[in-house]
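> Below is one structure. I have some questions about it.
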Amino acid sequence: MTMGRLDGICAVVTGAGSGLGRAIVERFTAEGAHVVALDRSAAKLAKLAADLGDLVTTVTGDVTSYADNVRACETAVARQGRLDSFVANAGLWDFGRSLADSDPDDLQAGFDELFAVNVKALVLGAKAALPALTTSRGSVICTLSNAAFYPVGGGPLYVASKHAGVGLVRQLAYELAPEVRVNAVAPGGMATDLRGPASMGLDATSIESTIPIREYVKSTTALHLDVRPEDYVGAYVLLAARDESSTVTGTVIDVSSFGIPRRPTES
Ligand SMILES: NC(=O)c1ccc[n+]([C@@H]2O[C@H](COP(=O)([O-])OP(=O)(O)OC[C@H]3O[C@@H](n4cnc5c(N)ncnc54)[C@H](O)[C@@H]3O)[C@@H](O)[C@H]2O)c1
């Protein structure tokens with residue numbers, strides 16, 4: 001049997017039911033990890049469990065609830081005796097709704113709902129995971145976005161929430177050192193089931209059914225790639241494999257390539 005890069009580790013992955021989270025679970029388990037998958041969708045988790053069997057343990061819950069984050073971390077320790085990585089990945093998008101086009105009531109309610117998932121849940125997840133990660137000398141890995149560095153990847157709510165994640169990663173990296181490393185990965189666009197706040201009426205539709213996101217990414221980014229969620233997961237493996245990233249904390253790995261303009265001569 002070949003050695004996996006994550007042999008023997010146990011990770012919690014939030015938003016594990018579809019899209020990038022599901023791709024992270026598939027890759028982590030293929031590399032030898034056991035994953036506790038936390039998602040609010042019981043149906044998506046049932047499919048994940050049917051596909052991956054004993055390699056995953058599923059927990060249905062809401063990342064904006066501290067108690068649900070604790071339940072996921074306690075499940076990891078009960079099942080595997082340890083927790084090595086907490087991957088805070090669940091997120092909501094604002095579908096690029098601009099300030100001018102937003103109703104004030106939508107802005108007020110949408111801000112609270114979106115920031116609860118994209119920012120508050122990172123704080124609560126890190127807090128819930130801290131005792132077990134301190135014991136294992138593990139790490140927190142957050143999913144941010146090209147919108148953590150650049151405009152246009154969303155409207156003001158989404159872009160502000162992902163920028164906030166950068167500050168949180170830096171502060172927690174300082175506070176939790178030297179026992180626990182805290183980093184993030186910033187992927188670019190991908191066709192997923194990514195939804196928006198219900199309070200803005202954006203919960204019934206997904207990014208993949210609303211815009212031609214694969215074509216958009218392929219035609220606007222420097223590398224011309226037809227990107228799938230699994231193309232972004234290598235950086236998560238790097239950060240979870242403590243032998244490969246033992247010196248890394250407080251960093252956001254930008255795997256989006258959004259910072260490099262497309263060359264004007266290319267079609
Ligand atoms: N899709 C893109 O273009 C894109 C680009 C950059 C960054 N991202 C980020 O990637 C991450 C994953 O998103 P995705 O694109 O894979 O979308 P996705 O909707 O396919 O996956 C997100 C999962 O999170 C779950 N979830 C949402 N709110 C939850 C909550 N309150 N509690 C528990 N689970 C909850 C959903 O049920 C879903 O299974 C997000 O943080 C998103 O901001 C996505």
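The values are calculated or read from the model by the stated rules, or taken from the named source; none is laboratory data. Keep in mind that this is a model prediction, so the values were computed, not measured. All Cβ positions, even for glycine, are placed from backbone atoms using ideal geometry, and neighbour counts span all protein chains on display.
> Does segment 193-210 hold any residues that are outside any loop (DSSP other than H, G, I, E, B) and either within 9 Å of the ligand (Cβ to nearest atom) or buried (at least 16 other Cβ atoms within 10 Å of the Cβ) (or both), and which are they?
Passing the criteria: Ser199, Met200, Ile207, Glu208.
> Need pairs with beta-carbon distance below 7 Å; first residue among the hydroxyl-bearing types (Ser, Thr, Tyr) and within segment 19-40, second surrounded by 20 or more Cβ atoms within 10 Å (Cβ to Cβ); sequence gap 6+ or separate chains.
Thr29/Val35; Thr29/Val56
> Has segment 178-189 got at least one residue that is within 15 Å of the ligand (Cβ to nearest atom), under 20 Å from Tyr66 (Cα atoms) and buried (at least 20 other Cβ atoms within 10 Å of the Cβ)? First the steps, then the outcome.
Of segment 178-189, the ones within 15 Å of the ligand (Cβ to nearest atom) are 183-189.
In the following step, the residues that additionally are under 20 Å from Tyr66 (Cα atoms) were identified as none.
No, there is no match, as no residue in segment 178-189 is within 15 Å of the ligand (Cβ to nearest atom), under 20 Å from Tyr66 (Cα atoms) and buried (at least 20 other Cβ atoms within 10 Å of the Cβ).
> Related question: Determine whether Ser257 is farther than 28 Å from Asp106 by Cα, in a loop (DSSP other than H, G, I, E, B) and modelled with pLDDT of 95 or more.
When the stated conditions are applied, Ser257 does not pass them.
> Let me ask another. Could you say whether any residue in segment 166-176 is surrounded by 13 or more Cβ atoms within 10 Å (Cβ to Cβ), in contact (Cβ under 8 Å) with a residue 12 or more places away in the chain and near the ligand (Cβ under 9 Å from one of its atoms)?
no
> Output the residues belonging to segment 95-153 that are more than 11 Å from the ligand (Cβ to nearest atom), of a type in the set (D, E, K, R) and farther than 30 Å from Leu238 by Cβ.
Arg97, Asp101, Asp103, Asp105, Asp106, Asp112, listed by residue number.
> Which ones in segment 214-237 are in contact with a Lys or Arg (Cβ under 9 Å, 6 or more places away or on another chain) and not in a loop (DSSP other than H, G, I, E, B)?
Passing the criteria: Arg214, Ser219, Thr220, Pro229, Glu230, Gly234, Tyr236, Val237.
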